[in-house]
Every structure is written in structure tokens, then in C-alpha cells.
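Participant: Starting off with a structure, shown below.
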Amino acid sequence: MSISTTRRAMFKAGLGAGAMLAGSSHFAPARAEDVRLRMYWWGAQERNRRTLEVGAKYHEQNPDITMVGESASADYWQKLVTMMAGRNIPDVFQLEPNTLADYSKRGACAPLDGYIPSTLKITEFGDNLNLCKVNGKIYGVGLGLNSFALVVDETAYAKAGVPIPNEATTWEQYAEGAIAITKAANKPDFWGAPYGARYHNGLNVWLEQRGKRLYTAEGQLGFDASDAAEWFEYWDKLAKAGGCVPADVQAADHLDIDSSPLGQGKAASGLQYSNQLVGYQAQSKNKLSLTSYPKTKGAALSGHFYRPALIWSIAANSKYKDQAAQFISYFVTDPQAGAILGVERGVPMLPAIRKQIAPTLNAVEQATVDYVNNLATKVVPVPPVAPKGASEFDRNVLRPISDQVAFGKISVAEAGKRLISEGNAVM
């Protein structure tokens, strides 16, 4: 069974993985000593299914702890802000690298150092523990290792007779291929690429390839208006040439699999993350694959770096921090949980789980692992942690300005200037 977004699921023994009801009134009252742990995450149906199954397994082994889960999609962050204002954040909630510093500095996340290694048995994460560190403290647990990745619809490329992108493909070649696919498809609702100007992950790699940074160690933007204008110009030219989805299609993308142009079957590629191949392939009949983002012509750097795919954090005002830490430890270290989760949230951080699941992975999952492993000699050093204003920059600055360029409301030069002035204002 699947879970619908914005609705709740109760992980109860005997209901089966993925069981869901629209409330808890159908369940017998919990005993006084029972603990109800609330979870909150975003994701497509495949992530929901796996999360529910892990929750059900945990409840079987810990009948005094009941996991109550809620999944959201486009309104995830809006709901989280509302919960934070009402001091009602779920005990365990999902973040990602671009939002960890923001929410930890707002006081939403509990520091977890004191739970390691007694409750959170994650010391074997090694240096990857530092990927969830903000101002010297650990505020989350990485659920898997990933990097940015171009998800490619190989079936669409083959049908169009266009070479499939690889790690040597330049941005110019990627654009040429996207234009060719759009023309070859000759359909009113299918294009070669998304309108990628509004993706901070794409801009991040673009800048790293040029020896610059999206954010500096001091928490400011690490590029200037001319860099930004060049970024917008690339996508503006591609849009005018018909190589990428139009503005109205891209504006409907809420940065999740279901609403993205690739997920909607309207684009032959997507600037995504390596762990998302599992989710995309689960809802596509075509063969999908992963490769690096296009490269800047003549650049020596790939622009890619390792990052935690997603993060579990514990609410600072949770009454059940110990139990929440126990569940998170189970989620990332237990063999049963590892077998269920696979690599949908990234390649497992724990080497033992990585080794355990290797023989059980299907071809799509193995492709994800191979991609992450093959990046080892190509990644750039991990950049400074995203500053407090990173999520606001992404949602309220980069995306709106990109959309205004796409709809022809402002020029690329004006967009470049505004991205810097408005971006620095929210940092």
C-alpha cells in the first residue's frame, strides 16, 4: 500500500508495511508508558513505502514505541515553519544539506553529540559525521552519501538518435543534444532538458567548475553578478532554442520527483541527485541512468562533491529525544532497515550496511552505488556548510528570479544583479 502526501501513517505491528489511516482514532489507547514518536519527511511513493516498512519493523521490535509518520510534498517547508512557530515540530524530521544550518541556527534541531556513541552508534561514519556539523556541533545524521547527478532518459535519447551524455559532456554539448531531442520528438509536451536556471545544485556545480563557490566560509555568496548573468544566459538561450521546457512547465516543479519535468515525462533529463534514480526509475517505463553534470569546456574540475543525501534531525523541544535517537540509530545501522532502505536515500554511510546490501541491489540501485564510487577521484573538497539563509536564497531569491527570466519579465543582466543584491540580503 502507498501513503498519500500530507496524510499520516501509523506504524503498528500487524498492519503491514505501508499501512495508513487518516487519523489514530481507530487504534486502541496507548498505555501510559507507551511513546508516540512523530516523524516528518518529504519524498515520492517509493520513499514513503520504504520508510513505512522500516517504521513497522522497528515497532515490532519495540512495541512500546509507536511511530506516527507524515509525508508532505510541495508544502513541506511551509508546514515545517508553521510547526516550528507553534513549537510542534515532529520528534524526527527530515532536512538536507542546504537547510541544516538554517534550522539548527533557528533552534529547531537538538545537538546530537551527547548521543554519540552511546545511543547513536555511528562513529564508523568516520569523517562523514562532519557533513552534518554546524558551528562545531552535530545537528543531524546523514541517511546516505550522494552527489549531484544528471538523470538521463536513455530511451528518449536513443529514440532521437542523440548521443547519451557522459562525464566528458560539456554544457554546450548538453544543450545541442537537448535541442536535437526536442526536434526529433516533435511533440507539444516533451523537451530535451529542464529549465535548470532555478536549480541551486546546478548553479553550485557550474561555479565549482569555474573555481568559485556558491557560498563562502563567511556565509556570503561566493560569486558575482557577471557569473550569475552567464548562468541565466545559458538557460535563456536554451529555452529560446526550444531545448528545454517552457516557463510554465518549469514553474510547476516543486523540486520533487513527482512534479519535476523528468518525473512528469516532459523532459529527457534532469539536474538531480544520485539517490533519486531509484525514485525516478520506479515511475518511469523508460530506461534511466546517471552521469555527472555537464562540464565547463576546458575545466579540470568536475564541480561535484560528496554530501549527505538527506538528514534526520531531532526536534529541540522533543520530549522523547532518547527514543528518537534510538530510532535513528536503528534506521542507519540495523541490517533489516538497511535491506529495506537500499540506496533510495543515498549510499549507506555505515560501511557494514553498504557491504551487506551490495549483493541484494538491483541494477538501478547498483548504478547509484557505482556512480557514487566512481566520483571518488573526481570530487572537489566539500565546500563550507550552507549558511543560515541558504534555503531562503534558494526558494525566495533564485527560483523567483529565474522564473522572471523564463517568462521574459527581466533581462539576464538584471537577473544577475538582482541575484547578488537580493541573495546577500537574506544571508
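Participant: In whole angstrom, note down how far apart the Cα centers of segment 47-69 and segment 143-204 are.
Facilitator: Distance between centres, Cα-based: 37 Å.
Participant: Under the √(5λ) rule applied to the eigenvalues of the Cα gyration tensor, what semi-axes describe the equivalent ellipsoid of segment 40-83? Give them in Å, descending. All intermediate terms of the calculation are to be shown ahead of the outcome.
Facilitator: Working: eigenvalues 108, 37, 4 Å².
Over the Cα atoms of segment 40-83, the ellipsoid semi-axes are 23, 14, 4 Å.
Participant: Can you list the residues, at least 5 places off or on another chain, whose amide H is less than 5 Å from the amide H of Ile138, using H built in the peptide plane?
Facilitator: It is Leu112, Asp113, by chain and number.
Participant: My understanding is that a pair violates if its Cα-Cα distance is over 25 Å; which of Lys297/Lys388; Lys237/Lys409; Lys285/Lys355; Lys137/Lys355; Lys121/Lys212 do that in this structure?
Facilitator: Lys297/Lys388; Lys285/Lys355; Lys137/Lys355; Lys121/Lys212
Participant: Using just the helices of the chain, give the 222 nm mean residue ellipticity in deg cm²/dmol: DSSP H runs with n ≥ 4 each add -39,500 (n - 2.57), and the total is spread over all residues, rounded to 500. It would help to have the intermediate numbers written out before the result.
Facilitator: Numbers: 16 runs with 160 residues, N = 427.
Rounded to the nearest 500, the figure is -11000 deg cm²/dmol.
Participant: Here is a follow-up. Compute the helix-to-body angle for 321-333: its Cα long axis versus the longest principal axis of the chain, expressed 0 to 90° and rounded to tens.
Facilitator: Taking the Cα atoms of the chain, the angle to 321-333 is about 60 degrees.
Participant: Over the Cα atoms of the chain, how large are the radius of gyration and the largest Cα-Cα distance (Dmax), in Å?
Facilitator: Just the Cα atoms of the chain yield Rg and Dmax of 21.3, 66 Å.
Participant: Can I ask one more? Jot down the radius of gyration and Dmax of segment 126-184, Cα atoms only, both in angstrom.
Facilitator: For segment 126-184, the Cα-based Rg and Dmax read 18.6, 53 Å.
Participant: To check you understand DSSP bridge types, tell me what percent of the beta bridges within the chain (both residues inside) are antiparallel, rounded to 5.
Facilitator: So the antiparallel bridges in the chain amount to around 65 percent.
Participant: Using a simple charge model, +1 on the beta-carbon of Lys and Arg, -1 on the beta-carbon of Asp and Glu, nothing else, what dipole does segment 104-254 show about its Cα centre, in debye to the nearest 20?
Facilitator: Dipole magnitude for segment 104-254 comes out near 360 debye.
Participant: Dipole size in debye (nearest 20) for the chain around its Cα centre, Lys and Arg Cβ +1, Asp and Glu Cβ -1?
Facilitator: 300 debye
Participant: How many nm separate the modelled label positions at Gln78 and Asp370, each set 7 Å beyond the Cα in the direction of the Cβ?
Facilitator: 4.1 nm
Participant: For segment 222-369, compute Rh as the Kirkwood radius over C-alpha pairs and then the Stokes-Einstein diffusion coefficient at 4 °C and 1.567 mPa s; write the answer in µm²/s, rounded to an integer. Walk me through the numbers before you get to the answer.
Facilitator: On the way: Rh = 18.4 Å.
D = 70 µm²/s.
Participant: With a 10 Å cut-off between alpha carbons and a GNM built on the chain, which of Val81, Val372, Val151 moves the most?
Facilitator: Residue with maximal mean-square fluctuation among Val81, Val372, Val151: Val81.
Participant: Where does each of 282-291, 263-272 land if you order them by average Cβ count within 10 Å, highest first?
Facilitator: On the way: 282-291: 16.7, 263-272: 23.3.
Result, highest mean first: 263-272, 282-291.
Participant: Rank by packing, highest mean first: peptides 123-132, 357-366, 98-107, with packing defined as the count of other Cβ atoms within 10 Å averaged across residues.
Facilitator: Put in order of decreasing packing, that is 98-107, 123-132, 357-366.
Participant: Taking amide H positions as placed in the peptide plane 1.01 Å from N, state which residues far from Glu167 in sequence (5 or more) or on other chains have amide H under 5 Å from it.
Facilitator: Placed amide hydrogens put Ser292 under 5 Å from Glu167.
Participant: OK, next. State, as an integer percentage, the relative contact order of the chain based on alpha-carbon contacts under 8 Å between residues 6 or more apart.
Facilitator: 24 percent
Participant: Does segment 295-388 come out rounded, prolate or oblate by the C-alpha gyration tensor, with a ≥ b ≥ c the root eigenvalues, rounded set by a/c under 1.5 and, if not, prolate when a/b is larger than b/c and oblate if not?
Facilitator: It is oblate, given that a/c is not under 1.5 and a/b is not larger than b/c.
Participant: Out of residues 5 or more away from His304 or on other chains, whose amide H comes under 5 Å of its own, with H placed 1.01 Å from N in the peptide plane?
Facilitator: HN-HN under 5 Å from His304: Val380.
Participant: Enumerate the calculated ³J(HN,Hα) couplings along segment 261-270 in order (Karplus 6.51 cos²θ - 1.76 cosθ + 1.60, θ = phi - 60°), each rounded to whole Hz, writing x wherever the residue is Gly or Pro.
Facilitator: For segment 261-270, the Karplus curve yields x, 5, x, 7, x, 10, 9, 8, 7, x Hz.
Participant: While we're looking at this one, here's another question. When the Karplus curve 6.51 cos²θ - 1.76 cosθ + 1.60 is applied with θ = phi - 60°, which whole-Hz ³J(HN,Hα) does each residue of segment 136-147 get, with x for Gly and Pro?
Facilitator: Each residue's phi maps through the Karplus curve to give x, 10, 8, 10, x, 10, x, 8, x, 9, 8, 8 Hz.
Participant: Taking the Cα atoms only, what angle lies between the long axis of helix 363-374 and the longest principal axis of the chain, rounded to 10 degrees?
Facilitator: Helix 363-374 and the main axis of the chain meet at about 70 degrees.
Participant: Right, something else. If you plug each phi of segment 102-107 into the Karplus form 6.51 cos²θ - 1.76 cosθ + 1.60 with θ = phi - 60°, what whole-Hz ³J(HN,Hα) values come out, in order, with x for Gly and Pro?
Facilitator: Residue by residue, segment 102-107 yields 4, 6, 5, 6, 7, x Hz.
Participant: Please give the peptides 45-51, 214-220 ranked by average Cβ packing (other Cβ atoms within 10 Å per residue), highest first, as a rough proxy for protection.
Facilitator: 45-51, 214-220
Participant: Positive end of the dipole of segment 314-427, charges at C-beta (+1 Lys, Arg; -1 Asp, Glu), about the Cα centre: which of Gly389, Ala367, Gln404 has its Cα farthest in that direction?
Facilitator: My answer, from the dipole projection, is Gly389.
Participant: While we're looking at this one, here's another question. Among Asn130, Ala110, Gly55, flag the residue with its Cα farthest along the positive direction of the charge dipole of segment 55-135, charges on Cβ as +1 for Lys/Arg and -1 for Asp/Glu.
Facilitator: Comparing the listed Cα positions along the dipole, Ala110 ranks first.
Participant: Further question on the same structure: Of Gly298, Val343, Ile314, whose Cα points farthest to the positive end of the dipole of segment 279-352 (charges on the beta-carbon: +1 Lys, Arg; -1 Asp, Glu; origin at the Cα centre)?
Facilitator: Checking the options against the dipole of segment 279-352, the answer is Gly298.
Participant: For helix 225-240, what angle does its Cα long axis make with the longest principal axis of the chain, in degrees from 0 to 90 and rounded to 10?
Facilitator: 80 degrees
Every number in this text was worked out from the coordinates using simple rules, so none of it is lab data. Since we're looking at a predicted model, the values are computed, not measured. Quick reminder, even Gly has a Cβ in these numbers, built from the backbone with ideal geometry, and neighbours come from all protein chains shown.
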